[in-house]
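Taking it in order: structure first as structure tokens, then the write-up.
The values are calculated or read from the model by the stated rules, or taken from the named source; none is laboratory data. What you see is a predicted model; the values in this text were computed from it and never measured. Reconstructed Cβ throughout: ideal geometry from the backbone, glycine too, with neighbour counts over all protein chains shown. These accessible areas exclude ligands, DNA and RNA; they are computed on the full protein's heavy atoms, side chains included. Shrake-Rupley method; radii C 1.70, N 1.55, O 1.52, S 1.80 Å.
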Amino acid sequence: MAAVNLRNISKRYADGRVAVRDFCLRVDDGEFVALVGPSGCGKSTMLRMIAGLETISSGTLEIGGRPANDLAPNERDIAMVFQNYALYPHMTARENMAFALRMAGKPAAEITRRVEEAARLLQLEPLLARKPAALSGGERQRVALGRALVREPKVFLMDEPLSNLDAKLRAEMRASISRLHRRLGVTTVYVTHDQVEAMTMGDRIVVMRDGEVQQVATPIDLYERPVNKFVGGFIGSPAMSFLATQWSGGAFVGPGFRMQLPDTRRTALRLADAQEVWLGIRPESLSLADAGTPSAHCRLGGVAEVVEPLGAETILGVGIGEERVVARIEGHLRLRAGERVTLALDPVRVHVFDRTSELSLEAAV
């Protein structure tokens with residue numbers, strides 16, 4: 001096992017396009033770090049540079065304290081799991097898992113030991129004699145994990161390994177990979193576009209956009225203290241909603257509402273009069289307004305555009321003027337799309353972003 005240290009890593013192509021810009025990160029020994037962001041943000045390119053499959057244009061990569069920029073992939077002591085499994089169709093699961101070890105000239109007894117240990121960990125023992133065509137998607141992904149596991153690398157690299165699975169299998173495989181990491185403690189860098197995967201699996205998350213790091217933090221810190229509007233909107237499911245407002249006369253003024261802030265938050269934010277801001281609203285910060293709603297809560301009147309009953313909760317999309325907010329309401333609502341509804345918003349729980357820079361104004365709170 002080893003730490004991975006990335007200092008000012010950039011990737012520039014011959015046509016002038018910059019895929020990754022000034023990427024800095026230290027992945028500690030045994031840590032599980034998820035790189036997340038929309039398609040084209042540079043996260044897979046970054047992973048491929050760690051693996052040695054892409055050259056580094058500038059910056060320094062160290063694996064286990066050893067400079068690795070110029071090392072060939074087979075000299076970096078890493079194992080990579082790909083999105084498409086990349087199993088040999090003519091080989092059994094056992095043969096696929098053992099292939100890299102055979103190519104490395106490992107003794108037969110050691111190959112057998114490593115393959116059988118990995119098969120036990122991944123519950124693949126009954127499937128070792130099957131070829132990929134006879135395996136389900138989840139079973140093929142476990143074989144791909146096993147093939148990486150038997151190499152006993154210092155670092156695991158995983159590039160969207162669950163994206164080809166259905167929702168149920170993705171949930172099962174998330175749990176399997178998390179259990180495997182807790183048991184083995186191997187340094188892991190995991191790339192995904194799915195923020196749910198990142199939130200549930202990563203010790204820390206790196207949010208990327210247009211080749212640049214937006215924020216590095218634990219899942220809870222990202223959720224509760226996003227540094228900008230992009231991170232706030234990307235992390236969380238359902239996503240954070242945004243209302244365009246203006247700070248005027250000691251309150252936020254928006255489409256059909258006026259919201260006061262508690263004195264402590266108002267002082268800490270240091271808002272200028274007439275400053276235009278985005279209010280970031282998490283779905284759980286909204287509730288249905290009724291007689292028991294605290295007087296300090298702001299009321300937002302609108303029209304129910306989407307009603308999604310999920311049993312234990314209902315996801316409610318409400319149009320407020322030309323904008324829309326999403327609320328997570330406990331229980332089942334007897335409400336239809338098109339009906340008017342009044343939501344209550346807790347002013348303590350809103351996020352505030354400058355309209356121009358889109359940076360959070362919460363740093364001092």
* Could you give me the residue pairs with C-beta distances under 7 Å whose first residue belongs to region 204-219 and is more than 14 Å from Asp28 (Cβ to Cβ) and without any contact (Cβ under 8 Å) to a residue 60 or more places away in the chain, whose second residue is assigned to a strand (DSSP E or B) and open to solvent by 50 Å² or more (accessible area, probe 1.4 Å) wherever it lies, and which are 6+ apart or on separate chains? => Ala217/Arg204
* To do: State yes or no: is Gly317 open to solvent by less than 20 Å² (accessible area, probe 1.4 Å), outside any helix (DSSP H, G or I) and in contact with a strand residue (DSSP E or B) (Cβ under 6 Å, 6 or more places away or on another chain)?
  => yes
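Inspect region 173-196 for any residue being among the charged types (D, E, K, R), out of contact with any Lys or Arg (no Cβ under 9 Å at 6 or more places or on another chain), open to solvent by 10 Å² or more (accessible area, probe 1.4 Å) and within 25 Å of Tyr88 (Cβ to Cβ) and give the result as yes or no.
Within region 173-196, the subset among the charged types (D, E, K, R) is 174, 179, 182-183, 194.
Subsequent filtering for residues that are out of contact with any Lys or Arg (no Cβ under 9 Å at 6 or more places or on another chain) retains 174, 179, 182-183.
Filter once more, keeping what is open to solvent by 10 Å² or more (accessible area, probe 1.4 Å): 174, 179, 182-183.
Going one step further and asking which of them are within 25 Å of Tyr88 (Cβ to Cβ), we end up with none.
Checking region 173-196: not a single residue is among the charged types (D, E, K, R), out of contact with any Lys or Arg (no Cβ under 9 Å at 6 or more places or on another chain), open to solvent by 10 Å² or more (accessible area, probe 1.4 Å) and within 25 Å of Tyr88 (Cβ to Cβ).
For residues that are open to solvent by 40 Å² or more (accessible area, probe 1.4 Å), part of a strand (DSSP E or B) and closer than 22 Å to Phe234 by Cα, tally how many sit in region 320-330.
Step one: of region 320-330, the residues open to solvent by 40 Å² or more (accessible area, probe 1.4 Å) are 321-324, 328, 330.
In the following step, the residues that additionally are part of a strand (DSSP E or B) were identified as 323-324, 328, 330.
From what is left, the residues that are closer than 22 Å to Phe234 by Cα are 323-324, 328.
Looking only at that region, the number is 3.
Taking region 148-169 as the search range and keeping residues that are part of a loop (DSSP other than H, G, I, E, B) and open to solvent by less than 70 Å² (accessible area, probe 1.4 Å), which one is modelled with the lowest pLDDT?
Taking region 148-169 and keeping what is part of a loop (DSSP other than H, G, I, E, B), we get 150-154, 160-166.
Those left that are additionally open to solvent by less than 70 Å² (accessible area, probe 1.4 Å): 150, 153, 160-163, 165.
Numbers: Val150: 91, Pro153: 89, Glu160: 89, Pro161: 87, Leu162: 85, Ser163: 83, Leu165: 78.
Of everything passing the filter in region 148-169, Leu165 is modelled with the lowest pLDDT.
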* Structure fact -> Per the filter on region 331-357, residues surrounded by fewer than 17 Cβ atoms within 10 Å (Cβ to Cβ), under 24 Å from the mean Cα position of the chain (by Cα) and part of a loop (DSSP other than H, G, I, E, B) are Ser357
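Based on what the data block shows, is Val231 in contact (Cβ under 8 Å) with a residue 12 or more places away in the chain and touching a Ser or Thr at 6+ places or on another chain (Cβ under 8 Å)? Walk me through how you get there before you give the answer.
Numbers: in contact (Cβ under 8 Å) with a residue 12 or more places away in the chain: yes; touching a Ser or Thr at 6+ places or on another chain (Cβ under 8 Å): no.
So Val231 does not fit the description; no.
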* Structure fact -> Residue pairs within 6 Å by beta carbon, gap of at least six or interchain, first lying in region 151-169 and over 14 Å from His193 (Cα atoms), second open to solvent by less than 70 Å² (accessible area, probe 1.4 Å) and of a type in the set (Ser, Thr, Tyr), listed first then second, are Val155/Thr187; Phe156/Thr188
* Total residues in region 1-18, condition modelled with pLDDT of 90 or more and open to solvent by 60 Å² or more (accessible area, probe 1.4 Å) -> 7
* Taking region 50-101 as the search range and keeping residues that are touching a Gly at 6+ places or on another chain (Cβ under 9 Å) and part of a helix (DSSP H, G or I), which one is most open to solvent (accessible area, probe 1.4 Å)? -> Asn74
* To do: Look through region 113-133, keep the residues that are touching a residue at least 12 places away in the same chain (Cβ under 8 Å) and more than 32 Å from the chain's Cα centre (by Cα), and return whichever of them is surrounded by the most Cβ atoms within 10 Å (Cβ to Cβ).
  => Leu128
* **Matching option when the condition is free of Cβ contacts under 8 Å to residues at least 60 places away in the same chain and of a type in the set (A, V, I, L, M), among Ala19, Ala3, Ala14, Ala51** => Ala14
* Given the residues Thr92, Thr112, Thr60, Thr45, which is the only one that is β-branched (Val, Ile, Thr), touching a Pro at 6+ places or on another chain (Cβ under 8 Å) and farther than 18 Å from His181 by Cβ? -> Thr60
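Going by the structure shown, is Ala251 farther than 30 Å from Gly137 by Cβ and aliphatic (A, V, I, L, M)? Talk me through it step by step, then tell me what you get.
Working: farther than 30 Å from Gly137 by Cβ: yes; aliphatic (A, V, I, L, M): yes.
It is true that Ala251 is farther than 30 Å from Gly137 by Cβ and aliphatic (A, V, I, L, M).
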* Asked: Restricting region 224-254 to residues that are of a type outside the set (Lys, Arg) and part of a helix (DSSP H, G or I), which is farthest from Val213 (Cα to Cα)?
  -> Glu224
* Asked: Only one residue in Val150, Val206, Val189, Val155 is closer than 28 Å to Gly105 by Cα and under 13 Å from the mean Cα position of the chain (by Cα), so which one is that?
  -> Val189
* Asked: Within region 186-200, restricting attention to residues that are assigned to a helix (DSSP H, G or I) and out of contact with any strand residue (DSSP E or B) (no Cβ under 6 Å at 6 or more places or on another chain), which residue is nearest to Leu145 (Cα to Cα)?
  -> Glu197
* Residues that are in a loop (DSSP other than H, G, I, E, B) and within 17 Å of Leu169 (Cα to Cα), drawn from region 102-147 -> Gln123, Leu124, Leu135, Ser136
* Candidate set from region 292-314 (those that are open to solvent by less than 10 Å² (accessible area, probe 1.4 Å) and of a type in the set (Gly, Ala, Ser)); member that is farthest from Val253 (Cα to Cα) -> Ala304
